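The values are calculated or read from the model by the stated rules, or taken from the named source; none is laboratory data. Quick caveat: nothing in here was measured; it's all calculated off a predicted structure. Note that each Cβ is placed from the backbone with ideal geometry, even for glycine, and that neighbours are counted across all protein chains shown. Protein only, heavy atoms only, side chains kept; ligands, DNA and RNA dropped before computing areas. Shrake-Rupley method; radii C 1.70, N 1.55, O 1.52, S 1.80 Å.
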Amino acid sequence: QVQLVESGGGLVQAGGSLRLSCAGSGRTFSSYTMGWFRQALGKEREFVAAWSGDSTYYADSVKGRFTISRDNAKNTVYLQMNSLKPEDTAVYYCAASRGVYYYPPRTSDFSSWGQGTQVTVSS
């Protein structure tokens, strides 16, 4: 399994931007489907974005505002978050999967998870 460590969370005002990073270990990082999920207080973990092969996928709630990217040479995946809203407040997790066949994916589709990073958007 790949080990994942997120960074880049913080406090930002509504309308602002943040970029999250997720550093992975292992020589097979490029073979994994990488995803971002988030979990708000009292809610279930939900899908945000994923990169699989040459394709990207987004939840409807973030489409047009968030962008997932990856740098396989650095074993890193990013989530650029623009036009942030208070409802984007959550702990954000990156995750790795050997294969996702339906979108939006379930959390059970991903076998490796980071520890999470808090994003708080103030109104």
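If you go through segment 46-67 and keep only what is within 19 Å of Val121 (Cα to Cα) and buried (at least 18 other Cβ atoms within 10 Å of the Cβ), you end up with Phe47, Val48, Ala49, Val62, Phe66.
Could you say whether any residue in segment 77-87 is in contact with a Pro (Cβ under 9 Å, 6 or more places away or on another chain) and either at pLDDT 95 or above or open to solvent by less than 20 Å² (accessible area, probe 1.4 Å) (or both)?
Looking through segment 77-87, none of the residues is in contact with a Pro (Cβ under 9 Å, 6 or more places away or on another chain) and either at pLDDT 95 or above or open to solvent by less than 20 Å² (accessible area, probe 1.4 Å) (or both).
Filter segment 8-47 down to residues that are among the charged types (D, E, K, R) and assigned to a strand (DSSP E or B) and give me whichever is farthest from Thr67 (Cα to Cα). That would be Glu46. For segment 50-71, the criterion of a residue being assigned to a helix (DSSP H, G or I) and under 15 Å from Arg38 (Cα atoms) is satisfied by no position. Of all residue pairs spaced 6 or more apart or on separate chains, those with beta-carbon atoms under 9 Å, a first member in segment 96-122 that is touching a residue at least 24 places away in the same chain (Cβ under 8 Å) and exposed (fewer than 12 other Cβ atoms within 10 Å of the Cβ) and a second member that is in a strand (DSSP E or B) and among the polar types (S, T, N, Q) are Gly99/Thr33; Gly99/Ser52; Ser122/Gln13. Quick check on segment 8-43: of everything there that is within 11 Å of the chain's Cα centre (by Cα) and more than 17 Å from Asp109 (Cβ to Cβ), which residue is most open to solvent (accessible area, probe 1.4 Å)? Restricting to residues being within 11 Å of the chain's Cα centre (by Cα) and more than 17 Å from Asp109 (Cβ to Cβ), the top hit is Arg19.
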